[in-house]
Amino acid sequence: MTTVFVLNGPNLNLLGTRNPEVYGTTTLADVEKLCGEVAGGLGLTVDFRQSNHEGQLVDWLHEAGAEVAAGRSIGAVVNAGAYTHTSVALHDAIEGASVPVIEVHISNVHRREEFRHHSYLSPVARGIVVGFGVHGYALAIQGLHRLVQE
Ligand code: DQA
């Protein structure tokens, strides 16, 4: 069965209790369930992961690229958390591994501090979903599915 990777970066394991006024009270386990339901409706399975470590996310992007090349995955939905704003390594991994990526942010980063306005991922992402809360993950899976069909 074809997979969609959903990769989460630092501090997203704290979802539900972390800054609930910004990120809401939904937990990452709830998000995983939501992603599974949406992907299932599209005939996809979800490979849902979270890491606080940049290099781990790089390795997973390489793995996702290899799975896409092998025809077993449509790509990855990526919420890289704060690494979005700092990581040339994640930019290079997405580009180098040729992974179709939809970048997701739960909050509208453009309404927040200026350091959140720049993303190293956006120039190498196929699409971006920002500010829809955790529902953005569902939109991103649907959007990635649509993009790769075109
Ligand atoms: C975030 C936004 C980032 O700026 C922040 O560092 C996060 C979460 C979001 O989903 O809104 O960890 O990616």
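The values are calculated or read from the model by the stated rules, or taken from the named source; none is laboratory data. These numbers were taken from a predicted model, which means no experiment stands behind them. Cβ placement follows ideal geometry from the backbone for every residue including glycine, while neighbour counts extend to all protein chains displayed. For accessibility, only protein heavy atoms count, side chains too; no ligands or nucleic acids. Shrake-Rupley method; radii C 1.70, N 1.55, O 1.52, S 1.80 Å.
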Seminar exercise, completed: Note on the stretch 1-14: residues buried (at least 18 other Cβ atoms within 10 Å of the Cβ) and either touching a Phe, Trp or Tyr at 6+ places or on another chain (Cβ under 6 Å) or part of a helix (DSSP H, G or I) (or both) are VAL6, LEU7, GLY9, LEU12
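Restricting to the stretch 61-99, name every residue that is charged (D, E, K, R) and open to solvent by 60 Å² or more (accessible area, probe 1.4 Å). Give the derivation first.
Step one: filter the stretch 61-99 for residues charged (D, E, K, R), giving 63, 67, 72, 92, 95.
The answer is GLU63, ARG72, ASP92, GLU95.
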Seminar exercise, completed: In the stretch 121-134, anything open to solvent by 70 Å² or more (accessible area, probe 1.4 Å) and within 12 Å of the ligand (Cβ to nearest atom) is listed as ILE128, PHE132
Exercise. When you look at VAL78, is it within 15 Å of the ligand (Cβ to nearest atom), touching a strand residue (DSSP E or B) at 6+ places or on another chain (Cβ under 9 Å) and under 25 Å from LEU14 (Cβ atoms), yes or no?
Worked result: yes
Problem set entry | Condition check for VAL31: open to solvent by less than 60 Å² (accessible area, probe 1.4 Å), within 11 Å of the ligand (Cβ to nearest atom) and in a helix (DSSP H, G or I) | yes
Exercise. So which residues in the stretch 35-60 are away from the ligand (no atom under 16 Å from the Cβ), part of a helix (DSSP H, G or I) and open to solvent by less than 50 Å² (accessible area, probe 1.4 Å)?
Worked result: GLY36, VAL38, ALA39, GLY40, GLY55, VAL58, TRP60
For this session: Among residues belonging to the stretch 100-115 that are more than 8 Å from the ligand (Cβ to nearest atom) and open to solvent by less than 50 Å² (accessible area, probe 1.4 Å), point out the one that is nearest to TYR23 (Cα to Cα).
Result: GLU103
Seminar exercise, completed: Residue pairs qualifying under the 6 Å Cβ cut-off, at least six apart or on distinct chains, with the first in the stretch 1-26 being touching a residue at least 60 places away in the same chain (Cβ under 8 Å) and the second being part of a strand (DSSP E or B) and within 12 Å of the ligand (Cβ to nearest atom), are VAL6/VAL77; LEU7/VAL78; ASN8/GLN50; ASN8/ASN79; LEU12/GLN50
